[in-house]
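For reference, the structure discussed in these notes is given below.
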Amino acid sequence: MKPARNIAALVVAALACLPLSACKKQGNASSSNSALKYLPVETASVAGIQLEVLLTFLEEKVPDYDPGDLRRGLMSESAEMKLIAESCDLDPLSIIKSITVGFGKDLQDLSQRVIVVATSFTEERANSCFEAMKGKGYDLHAEKEGKFTAYRIDGTSYYAWWPTEHTVVWVEAESAAPLSTVADGGKSALDNPTLGPFVEKTNTGALFWFAGLIPADPKFQPMLAKLGETPTAAYAWINITGAEMDAKVALTFADEDAAKRVYDKAKVVVGLVKGTSNAFDELDLSLAGREAIATAKFDSEAIAALRAMTSR
């Protein structure tokens, strides 16, 4: 039996049918701003992914994209995904529409990591899926506790809450405490005065996006060390519209001098990149107080040039 932590996301996503499933098209109910009202007020940073945007891009703009190959790849690489798909009669490419994840200040504490997903599934359908998986190699238990459902998967505890018919919020924790304040009508991430300004500046409808404080985590240190200064917060996004891709990364530093030093260092690199092709003409840097900002827009020519550079 594989460790529960290795299968948690896949199992809970399908069992709880993480609200971002899209068995059929729906409104943007799972997009960030609406999802933030389900995250704890203590949320330090938040990230989102709109899988529907990615799949649409692949289907419409990538000539050699074969959803069958991707589907088979998911099934062959993950026995858990195959079990979920076959037990619950799900297409792995249509399970999730988008995901919003709220992080606490301590990335190692999973009880501070709350996930919001939106789906055409209902809680009843999710529990039916969970029941179908019992007896197929996993130790699964589910019990209703008021507004929440407590899941035990191979010895690991999860709590799920369905605030709307097609939205599920879940957390890996020993109790529903991380979800209870918001579920009872208390303050949410929308009321966090530190997080709010960064969320307002980012594009929460983009393919990938992030906003908030940068956690003091060892995993980030090697990357941050290359900047020469340590940013305290950030907002960023990557989006695809039609045949174009645009991106923005804004890092906030302790003071304006630190931001200027990073800007000057990055300007040299950007100059070198621009010199390789006219495709990178819309790659720019700017300063705004304590923020060092990079923006880019790539058309098909620029994307091809990027592919060529990264494949060398």
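Do we have residue 102 as modelled with pLDDT of 85 or more and either in contact with a helix residue (DSSP H, G or I) (Cβ under 7 Å, 6 or more places away or on another chain) or farther than 20 Å from residue 193 by Cα (or both) here? Criteria met by residue 102. Every condition in (1) part of a strand (DSSP E or B); (2) aliphatic (A, V, I, L, M); (3) in contact (Cβ under 8 Å) with a residue 60 or more places away in the chain; (4) in contact with a strand residue (DSSP E or B) (Cβ under 7 Å, 6 or more places away or on another chain) is met by residue 247 except one, and the failing one is (3). The C-beta contact set for segment 152-167 (first residue in contact (Cβ under 8 Å) with a residue 12 or more places away in the chain, second residue basic (Lys, Arg) and part of a loop (DSSP other than H, G, I, E, B), distance under 6 angstrom, 6+ apart or interchain) comprises 161/147.
Only one of the numbered conditions (1) of a type in the set (D, E, K, R); (2) under 24 Å from the mean Cα position of the chain (by Cα); (3) surrounded by fewer than 18 Cβ atoms within 10 Å (Cβ to Cβ); (4) closer than 27 Å to residue 52 by Cα is not met by residue 105, and that is (4).
Scanning segment 209-234 for residues being part of a loop (DSSP other than H, G, I, E, B), of a type outside the set (Ser, Thr, Tyr) and either in contact with a Cys (Cβ under 9 Å, 6 or more places away or on another chain) or at pLDDT 75 or above (or both) gives a total of 7. Of the numbered criteria (1) assigned to a loop (DSSP other than H, G, I, E, B); (2) within 22 Å of residue 45 (Cα to Cα); (3) over 17 Å from the mean Cα position of the chain (by Cα), the one residue 181 fails is (1).
Checked against (1) under 28 Å from residue 252 (Cβ atoms); (2) surrounded by 14 or more Cβ atoms within 10 Å (Cβ to Cβ), residue 218 passes all but condition (2). Every condition in (1) within 19 Å of the chain's Cα centre (by Cα); (2) in the same structural domain as residue 281 (by TED's automatic domain parsing); (3) β-branched (Val, Ile, Thr); (4) under 23 Å from residue 288 (Cβ atoms) holds for residue 232 except the one numbered (1).
For (1) at pLDDT below 85; (2) exposed (fewer than 15 other Cβ atoms within 10 Å of the Cβ); (3) small (Gly, Ala, Ser), each residue gets a yes or a no:
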position: 258; (1), (2), (3): no, no, yes
position: 276; (1), (2), (3): yes, yes, no
position: 285; (1), (2), (3): no, no, no
position: 288; (1), (2), (3): no, yes, yes
position: 294; (1), (2), (3): no, no, yes
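The values are calculated or read from the model by the stated rules, or taken from the named source; none is laboratory data. This is a predicted model, so every value here is computed, not measured. Counting neighbours? That spans all protein chains shown, and the Cβs are built from the backbone with ideal geometry, glycine included.
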